[in-house]
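Colleague: This structure is in structure tokens; I'll ask about it shortly.
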Amino acid sequence: MTNKKPMSRRQFIRLSSYLATGLILPTCTLAADKPIYKTIPKSGEQLPVIGMGTSRTFEARNDPELLAQLQQVMQTFFEMGGGMIDSSPMYGSAQQVIGTLLPNIQGNKQLFAATKVWIDGQQAGIEQMETSRQQWGIKQFDLMQIHNLVDWQTHLETLNQMKADGKIRYTGITTSHGRSHNALMTILKKHDFDFLQLTYNINERDVESNLLPLAQERGIAVIINRPYQRGSLFRHVKGKALPEWANDFDCTSWGQYFLKYAVSHPAVTCAIPATTKTKHMMDNMKAGKGVLPNQKQRAKMVSYFKAL
């Protein structure tokens, strides 16, 4: 197995000159830059494996400096091939901020809009979802999810009707922090959903034995929240070297290491890391390029992480 070494500045300049004259084709570079998509089982639609979350990051309505910073974060997301943006009424002013930023995006954007209903009661849920749509400033949501199982039976009936009426494209249900997994298993066995959102990362892998196999069996797309375990994964590897063999699946940072592990599970459709920094967004999006680790490499990634 050959390890790839980082390209020096001199090599980069030389390569650029060769490319300009058409002497060589950048096969390796092109492979590493190739975007990775996963298929939504219920429709066959393709979705980029790295999306964008907004929890704890997009509450910037009264902060002009942060708002400007988030505009660049969102611009970078779309420029690097992003699709899904996920939010919730739970996230303070995040949805208003999304609606403020979206019209200012330059160039093409392939938005896959996902949010949640998070309230008790049928009419209250309908009103909350309509408020969210107005805050985003869009015609319809691609995905509407029941947030943390709140009044799920009531909202499932509403979502199914909304889907039938063409008001949303997909239905979903969510959990986080590793909560309510037994209840969620029971729900998913009895009721039909298009998407499931849950917490999964290299240090929290319990769902590999239950919810992820069930999602595969039932043809449910899976969105991963907390892929960095709220930053604790970075603290675990602070000062530690990224293994050279990570280059074999086009991984050049710990952030990419964690994201590629999460989205390489066969049941997983995409992950939604959240950030307020453009450099972190760029790194996140690079995890959605090139190739993903195979089953043997995934096991090696876990062993290496646990040994640190």
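Colleague: Report, ordered by chain and residue number, the lysines lying within cross-link reach of LYS277, taken as a straight Cα distance under 16 Å and ignoring same-chain residues fewer than 8 apart.
Modeller: LYS286
Colleague: Counting Lys and Arg as +1 and Asp and Glu as -1, what is the net charge of the other residues whose Cβ lies under 13 Å from the Cβ of TRP254? Mind dumping the intermediate values first?
Modeller: Working: positive: ARG235, LYS238, LYS240, LYS260, LYS286; negative: ASP283.
Result for the local shell: +4.
Colleague: Anyone know which of HIS191, HIS147, HIS181 comes out most mobile in the 10 Å Cα GNM of the chain?
Modeller: Result: HIS191 has the largest fluctuation of those listed.
Colleague: Under 19 Å from a label point 7 Å along Cα→Cβ of MET90: give me every residue in segment 154-176 with its amide N that close.
Modeller: The answer is 154-157, 159, 171-176.
Colleague: Counting only residues 5 or more places away or on other chains, whose amide H sits under 5 Å from the amide H of MET84 once H atoms are built in the peptide plane?
Modeller: Result for MET84 returns MET52, PHE112.
Colleague: I would also like to ask the following. Which three lengths, in whole Å and largest first, does the chain cover when its Cα atoms are put on their principal axes?
Modeller: 64, 43, 36
Colleague: Take the residue pairs LYS109/LYS279; LYS163/LYS260; LYS42/LYS279 and return only those whose Cα atoms are more than 25 Å apart. Write down the numbers at each step before the final one.
Modeller: Numbers: LYS109/LYS279 20 Å; LYS163/LYS260 32 Å; LYS42/LYS279 34 Å.
Violating the 25 Å limit, Cα to Cα: LYS163/LYS260; LYS42/LYS279.
Colleague: Just to check I understand the Karplus step: with θ = phi - 60° and J = 6.51 cos²θ - 1.76 cosθ + 1.60, what whole-Hz values come out for segment 40-45, glycine and proline as x?
Modeller: Calculated HN-Hα couplings, in order: 6, x, 6, 10, x, 5 Hz.
Colleague: Explain nothing, just the number: relative contact order of the chain, from Cα pairs under 8 Å at least 6 residues apart, as a whole percent.
Modeller: Details: 521 pairs, mean separation 66.9, N = 308.
Rounded, it is 22 percent for the chain.
Colleague: With the cut-off at 1.5 for a/c, could you classify segment 99-238 from its C-alpha gyration tensor as rounded, prolate or oblate? Write down the numbers at each step before the final one.
Modeller: Values: a/c = 1.89, a/b = 1.18, b/c = 1.60.
Since a/c reaches 1.5 but b/c is at least a/b, the shape of segment 99-238 is classed as oblate.
Colleague: Return the sequence-ordered ³J(HN,Hα) values of segment 220-232 in whole Hz as given by the Karplus equation 6.51 cos²θ - 1.76 cosθ + 1.60 applied to θ = phi - 60°, using x for Gly and Pro.
Modeller: Coupling constants for segment 220-232: 10, 5, 10, 9, 9, 9, 6, x, 9, 6, 6, x, 5 Hz.
Colleague: Short version: ³J(HN,Hα) in whole Hz for each residue of segment 264-271, in order, from phi by Karplus 6.51 cos²θ - 1.76 cosθ + 1.60 (θ = phi - 60°), x for Gly and Pro, what are they?
Modeller: 7, 5, x, 7, 7, 9, 7, 10
Colleague: Kindly provide the helix-only [θ] at 222 nm of the chain, computed as the sum of -39,500 (n - 2.57) over DSSP H runs of four or more divided by all residues, to the nearest 500 deg cm²/dmol?
Modeller: Values: 12 runs with 127 residues, N = 308.
Here the helix-only value at 222 nm equals -12500 deg cm²/dmol.
Colleague: Can you pick out the pairs among LYS167/LYS190; LYS240/LYS300; LYS238/LYS306; LYS116/LYS139 whose Cα atoms lie more than 19 Å from each other?
Modeller: LYS167/LYS190
Colleague: Would you list which aspartates and glutamates come within 17 Å of LYS289, measuring only between C-alpha atoms, while excluding same-chain residues fewer than 8 positions from it?
Modeller: Within the straight-line cut-off, LYS289 pairs with ASP33, GLU79, ASP248, ASP250.
Readers should treat all values here as calculations from the given coordinates under stated rules, not as data from a laboratory. Quick caveat: nothing in here was measured; it's all calculated off a predicted structure. Cβ sites come from the backbone with ideal geometry, for glycine too, and all protein chains shown count toward neighbours.
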